[in-house]
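Just below is one structure, and these are the notes that go with it.
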Amino acid sequence: MQHAYGNAETLLRRFGASLADVVEEVPYVLDVDAAFQVAGPVRKAVYGREDPQVATTPVGTPRLAFPEQLIEIKLIARV
């Protein structure tokens, strides 16, 4: 999850934005329970807030694009 947010930060910078501009996210995860266990602390660290003001809709899925992936995060940001 931290790696996915790191990749997102890099991509957002290309458009003059950052994770502070994110208003909505959809994490697609293979294991919803495992994602919920780590999501809170990871999101707080990434967004730099105790209560990130980002709408989140987690979605469980049986597989992702690459076999090694455990999570994929779709972000919508104001730019």
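The values are calculated or read from the model by the stated rules, or taken from the named source; none is laboratory data. Worth saying up front: this structure is predicted, and the values here are computed from it rather than measured. Cβ sites come from the backbone with ideal geometry, for glycine too, and all protein chains shown count toward neighbours.
Here are the numbers for this structure:
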{"read-out": "Segment 23-42 residues that are over 26 Å from VAL79 (Cβ atoms), paired with ones that are surrounded by fewer than 17 Cβ atoms within 10 Å (Cβ to Cβ) and of a type in the set (S, T, N, Q) (beta carbon under 7 Å, 6 or more apart)", "value": "LEU30/THR61"}
{"read-out": "Selection from segment 1-21 of residues that are within 11 Å of the chain's Cα centre (by Cα), assigned to a helix (DSSP H, G or I) and in contact (Cβ under 8 Å) with a residue 60 or more places away in the chain", "value": "ALA4, TYR5, ALA8"}
{"read-out": "Count of residues meeting criterion [surrounded by 11 or more Cβ atoms within 10 Å (Cβ to Cβ), more than 19 Å from THR10 (Cα to Cα) and under 12 Å from the mean Cα position of the chain (by Cα)] in segment 42-58", "value": "4"}
{"read-out": "Filter result for ARG14 (out of contact with any Ser or Thr (no Cβ under 8 Å at 6 or more places or on another chain), modelled with pLDDT of 95 or more and of a type in the set (Lys, Arg))", "value": "yes"}
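The rows are residues; the columns are (1) part of a strand (DSSP E or B); (2) among the small types (Gly, Ala, Ser); (3) modelled with pLDDT under 95; (4) touching a helix residue (DSSP H, G or I) at 6+ places or on another chain (Cβ under 7 Å).
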residue	(1), (2), (3), (4)
VAL23	yes, no, no, no
TYR28	yes, no, no, no
PHE36	no, no, yes, no
ALA39	no, yes, yes, no
ALA45	no, yes, yes, no
ASP51	no, no, yes, no
ARG63	no, no, no, no
